[in-house]
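Values quoted throughout were computed directly from the atomic coordinates according to the rules given, and no laboratory measurement underlies them. Just so it is clear, the model here is predicted, and its values are computed rather than measured. Cβ placement follows ideal geometry from the backbone for every residue including glycine, while neighbour counts extend to all protein chains displayed.
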């Protein structure tokens, strides 16, 4: 089956994204916070929010979508790619610009934070992926 290479590449991307997120989720890595002798952290910035947590959440969601893609046929994979090349950049922009904890925030603090927004968009992405692949499989059967 010639579709295995893009499917496994997508799963690899999800795994790398998750691992990079794990690394970046520690605020001590970039010097935002330092650990004192009593094991407490002292943070130099109030908004020492790392990009790591959204990367972890996105990596998890993309991994779930990647597992679903393992069962996709050629038509489903093409339809999924057409949706993904629009959805993922728009979701990234939404997390960056519309999350209240973002420096570039356009919303008030009554809206979900960047991790919750990433998870919500990830769930929408997984459901959309399922619908696209199931429709493609059903259309092949007729």
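Taking 0.36 nm per residue of sequence separation and removing the Cα-Cα distance, the residue 83/residue 139 pair yields an extension gain of 18.4 nm. Using a simple spin-label model with pseudo-atoms 7 Å out from Cα toward Cβ, residue 94 and residue 73 lie 3.0 nm apart. The label point for residue 127 and the one for residue 51, both projected 7 Å from the Cα toward the Cβ, are 2.9 nm apart.
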